[in-house]
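Asker: One structure is given below, represented as structure tokens, and several questions about it will come after.
Values in this text are rule-based calculations from the coordinates and carry no lab data. Everything numeric here is computed off the predicted structure, so don't read it as measured data. So basically every Cβ, Gly included, is an ideal-geometry build from the backbone, and we count neighbours across all protein chains shown.
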């Protein structure tokens, strides 16, 4: 089969890889309908995260079950399924508490390389969720979004306790930030402030439910959020970038007693204990337990109540993965979908 | 009046200070029955926090109202009252959300010096809570504990979401940690693990409801907590020290999705963003909103359902404040009460 492999920073190639097979009786193999490039794929692509030799890339996937191991009972060949970037058993105590991305048996899907024609999914029963029926082609981008960016934005909104009566600010206007806006809206937030200085992203934020746009960043952005919230700060802030600046922008934009939900993978972020202490905020985040939200998200998408697929503003065949990476690296695209 | 003043590290003197008077119409002046030395008083005493000239000390107090300003309506002269280490209006949006220690009009009581015979309390209506009746002398230590250490331990337990079905670990065996144990018990925690290597403190922890004692610290302490919790870590961890080691011990002892409630004032604590991200914990803490809990705590003490005053294992007259500081600095005493 064909799959994307990162050879060195900036060097992604689609090449022949060995077909994945059922290894454990709890595995499934799926034939992908679509996959995509994640903001977090850009860290190794940019050389910020070290790469140890040629690495298969990608951890977002939707497709049709091709084969299942002997112990798999909840999905079967022919079904259209979605899974998250961590395989999980969905039965351990941590999964049952809603933290499937910290499952005691979790396996990172990124190591298996989802930017490919076929993908082995470990712990298939605990990882994959089937759609009620074979979806029409126009819904595929939205289901693909559920595999990571929608689930991650959703977790950011839940961790920030977005809900009725709340003012929510969103730091970051990438796909996760934009879908954090969508999630905050679905969770009933009263006011949603999107922080963005890009016209196309502002437009999508407004479409997804943002009520205000703040273009300022850093301390000026914080001052603007304070100004919009009677000097107090937002109740809930979703951090969807993962840099020192964005994390501090999020914490400083939150009122005492408020909640920061951070889902940007922190790179070179350090927090000062005393500053955090007196900020009085709640801080929660990490790798989103997307599996927890999949049934609800699939429902919302299947019933066309939400359209998260709009974050894909570039669609290319898998063979052009290198161009997809370049477009995202240069911020020419919010998020690139690869058809398989 | 007489009051304790810190002149330089290690140099606390009880000397003549000017009698406090009503300054604003929202003030009260109280005649103290007792006051005490706080773990946080030891930071400037040890020279770790800079002191800018002679500073009145103390922020924990109980006593009888002596005078009130013209706008004070909720307390009156002759009543026995308790207040917290931050004066608060108890009416602003932040107070109403339960974060009185971040009240938009808050004033730190430490600056006014509660280790003294008299104390001016700003925003008396929002700060002071009267007991139902004049308490008997044996209850005074417990009411004094409510002014800070009990309320702080309580907030730690609430922030850690201690409650039914939960395993709670407590890092720190000072007065706050011990009262964190008491709070976790009152909040219905199933299992409470006190981390302590001091026999007298272990004994009090067990009396307050601890079910297990762990004597190991650092990574060994974490390993022990994991061992006691099926390899997962505690659901709830109260951090009541405020050092880098204790904070990491708390975070590492918490299972993914669990809650760290940190109430030790962080000194030279820095948290790595990526490590925090993958820990998957909830982190909440800061200066305890003691005012929120005072009515409930006063009730529990007045009805003799809890005995937080036991954390005072040294009682001296105010005139011997210097010895009280020394005893706590040298860890000869858990907490020193000063009779006035």
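Asker: How long are the three semi-axes of the equivalent ellipsoid for the protein assembly as shown, computed from the Cα gyration tensor as the root of 5 times each eigenvalue, in whole Å, largest first?
Answerer: On the way: eigenvalues 564, 136, 85 Å².
In descending order, the three semi-axes are 53, 26, 21 Å.
Asker: Same structure again: Once you place label points 7 Å from the Cα toward the Cβ at residue B:96 and residue A:138, how far apart are they in nm?
Answerer: So the label points at residue B:96 and residue A:138 sit 4.6 nm apart.
Asker: Could I ask something else about it? Suppose a student asked you for the relative contact order of the stretch A:83-190, using Cα pairs under 8 Å spaced at least 6 residues apart; what percent would you report? Don't skip to the answer; put the middle values down first.
Answerer: Values: 131 pairs, mean separation 24.1, N = 108.
Here the relative contact order equals 22 percent.
Asker: Quick one: Cα convex hull volume of chain A, Å³ per residue? Provide the component values of the computation, followed by the final result.
Answerer: Working: hull volume 42.3 nm³, N = 340.
Looking at chain A, the number lands at 124 Å³ per residue.
Asker: I'd like the Kirkwood hydrodynamic radius of the stretch A:1-127, using the inverse of the mean 1/r over distinct C-alpha pairs, in Å.
Answerer: Details: mean 1/r = 0.0670 Å⁻¹.
After inverting the mean inverse Cα-Cα distance, the result is 14.9 Å.
Asker: For the stretch A:180-240, state what percent of all Cα-Cα pairs lands in each successive 10 Å bin, counting from 0 Å until the bin that includes the largest distance.
Answerer: 23, 57, 21
Asker: Taking each residue in A:93-101, count the Cβ atoms of any other chain within 10 Å of its Cβ, then average. What number comes out?
Answerer: Working: counts 8, 7, 2, 1, 6, 2, 5, 2, 4.
That average works out to 4.
Asker: Run the numbers for residue A:206 and residue A:278: contour at 0.36 nm per residue of separation, minus the present Cα-Cα distance, in nm. Present the calculation step by step, with values, prior to reporting the outcome.
Answerer: Values: separation 72, 0.36 × 72 = 25.92 nm, distance 3.32 nm.
Using 0.36 nm per residue and subtracting the Cα-Cα distance, I get 22.6 nm.
Asker: When Cβ neighbours within 10 Å are restricted to other protein chains, what is their mean count per residue of peptide B:259-266? Walk me through the numbers before you get to the answer.
Answerer: Numbers: counts 2, 1, 0, 3, 1, 2, 4, 8.
For peptide B:259-266, the averaged partner shielding equals 3.
Asker: Sort shortest first the distances from residue A:136 to its counterpart in every other copy, using label points 7 Å along the Cα-to-beta-carbon line, and give them in nm.
Answerer: Inter-copy label distances (nm, one decimal, shortest first): 7.9.
Asker: Beta carbons within 10 angstrom, averaged per residue: use that to sort the peptides B:65-74, A:32-41, A:273-282, highest first.
Answerer: Working: B:65-74: 16.6, A:32-41: 25.2, A:273-282: 19.8.
Highest-to-lowest ranking by the protection proxy: A:32-41, A:273-282, B:65-74.
Asker: If you average over every viewing direction, what projected area does the convex hull of the Cα atoms of the stretch A:259-307 give, in nm²?
Answerer: Average of the hull's projected areas for the stretch A:259-307 equals 4.9 nm².
Asker: Within the protein assembly as shown, what percent of beta bridges assigned by DSSP are antiparallel, to the nearest 5? Display every interim value, and only then the final one.
Answerer: Values: 66 of 117 bridges.
Percent antiparallel among DSSP bridges in the protein assembly as shown is about 55.
Asker: I would also like to ask the following. Return the average number of partner chain Cβ atoms within 10 angstrom of each residue Cβ along peptide B:241-249. Mind showing how you got there, number by number?
Answerer: Working: counts 0, 3, 1, 1, 0, 0, 2, 0, 0.
Partner-chain Cβ atoms within 10 Å, mean over residues of B:241-249: 1.
Asker: Follow-up question, since we're still on this one. Give the peptides B:160-171, B:220-231, A:189-200, A:310-321 in descending order of average Cβ contacts within 10 Å, highest first. All intermediate terms of the calculation are to be shown ahead of the outcome.
Answerer: Working: B:160-171: 24.9, B:220-231: 17.1, A:189-200: 20.6, A:310-321: 19.0.
Taking the mean over residues of other Cβ atoms within 10 Å, the ranking is B:160-171, A:189-200, A:310-321, B:220-231.
Asker: Express in whole angstrom the spacing between the alpha-carbon centres of the stretch A:106-150 and the stretch A:325-340.
Answerer: Each part reduced to its Cα centre gives a spacing of 19 Å.
Asker: Defining the label point at 7 Å along Cα→Cβ, can you sort the distances from residue A:227 to the same site in each other copy, shortest first, in nm?
Answerer: So the distances to the same position in the other copies read 5.8 nm.
Asker: For residue A:215, which inter-copy label distances result when the label point lies 7 Å beyond Cα on the Cα-to-Cβ vector, reported in nm to one decimal and in ascending order?
Answerer: Shortest to longest, the spacings are 6.6 nm.
Asker: Still on this structure, I have one more. Hey, how much of the P(r) for the stretch A:233-290 falls beyond 12 Å, as a percent of Cα pairs? Don't skip to the end; give the middle numbers.
Answerer: Values: 1021 of 1653 pairs.
The calculated P(r) of the stretch A:233-290 puts 62 percent of pairs beyond 12 Å.
Asker: Compute the distance from the alpha-carbon center of the stretch B:221-270 to that of the stretch A:1-65, in whole Å.
Answerer: Result: 36 Å between the Cα centres.
Asker: Still on this structure: Round to the nearest 10 and give me the degree value, 0 to 90, for the angle of helix B:199-208's Cα axis relative to the longest principal axis of chain B.
Answerer: Rounded to the nearest ten degrees, it is 90.
Asker: When ranked by the protection proxy of mean other Cβ atoms within 10 Å per residue, highest first, what sequence do the peptides B:135-147, A:172-184, A:130-142 form? Intermediate values should be presented prior to the final figure.
Answerer: Working: B:135-147: 20.7, A:172-184: 30.2, A:130-142: 15.0.
By packing density, highest mean first, the sequence is A:172-184, B:135-147, A:130-142.
Asker: OK, next. Give the Cα extents of the stretch A:152-285 along the principal axes, in whole Å, largest first.
Answerer: 39, 30, 26
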